[in-house]
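Here the structure comes first, spelled out in structure tokens, and everything after it is commentary.
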Amino acid sequence: MPQICEGDIPNRTHKRWSSYSDRLYTFMTQDRDERYMGYALDKARQAFERDEVPVGAVVVRGEEILAAAHDEKEASADPTAHAELLALRQAARVVGNWRLEGCELYVTLEPCPMCAGAMLQARIARLVYGARNSRWGAIESVCSLHNLPEFNHTIQVSGGVMKKTCAQLLQRYFREKRRPEEKSPEEQ
Ligand SMILES: [Zn+2]
């Protein structure tokens, strides 16, 4: 008589449960992503009030926010003072280690090549971003630096989280605070 392994028996209950738990997981992840994107948006709004391009970023480890920052290019006259870079530096100081393994970075705008490079250097595990950056985006818009097999690190990505709110803030900034000929980065 042939032996039947447990794995051979179709288990409908298990199948039903796993599809339910998959949906629950997706729902919870979305909820969580929107919560942390909300914090990044708060930082972006602060930037807006300070006449900086309204981009905000937070670095999260587990359920702990290690760092939060917004663009400071104008105030610091520093071309590298992007929200992501400042948040990465802050987080590394908090952890006491340049390796931010297992950390996630939430940012309201798709990162530029400099920031995507810094995230790879910091070994960020996951990136979540809001609006697309059609002129400087180094994840999906202009190039994709996060998953090149030639680099010794790749980053898991979720894009488009609260993209409408993130984009609207940028559009408002460029409409109200910058010269009209300057376009918001997520505009073509
Ligand atoms: Zn950048």
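Among the numbered conditions (1) more than 10 Å from the ligand (Cβ to nearest atom); (2) surrounded by 13 or more Cβ atoms within 10 Å (Cβ to Cβ); (3) not basic (Lys, Arg), the only one that Gly96 does not meet is (2).
To keep it simple, each residue is scored yes or no on (1) free of Cβ contacts under 8 Å to residues at least 12 places away in the same chain; (2) more than 15 Å from the chain's Cα centre (by Cα); (3) farther than 25 Å from Arg32 by Cα.
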site: Ala92; (1), (2), (3): no, yes, no
site: Cys115; (1), (2), (3): no, no, no
site: Arg132; (1), (2), (3): no, no, no
site: Ile155; (1), (2), (3): no, no, no
site: Gly159; (1), (2), (3): no, no, no
site: Thr165; (1), (2), (3): no, no, no
site: Gln171; (1), (2), (3): no, yes, yes
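Across segment 54-81, the number of residues qualifying as part of a strand (DSSP E or B) and either near the ligand (Cβ under 10 Å from one of its atoms) or of a type in the set (A, V, I, L, M, F, W, C) (or both) comes to 9. Determine, yes or no, whether Met119 is of a type in the set (A, V, I, L, M), surrounded by 14 or more Cβ atoms within 10 Å (Cβ to Cβ) and within 12 Å of the ligand (Cβ to nearest atom). Yes: the conditions hold for Met119.
Read-outs throughout are calculated quantities, based only on the coordinates presented, and are distinct from any laboratory measurement. Computed from a prediction, not measured in an experiment: that's the story for all the values here. Quick reminder, even Gly has a Cβ in these numbers, built from the backbone with ideal geometry, and neighbours come from all protein chains shown.
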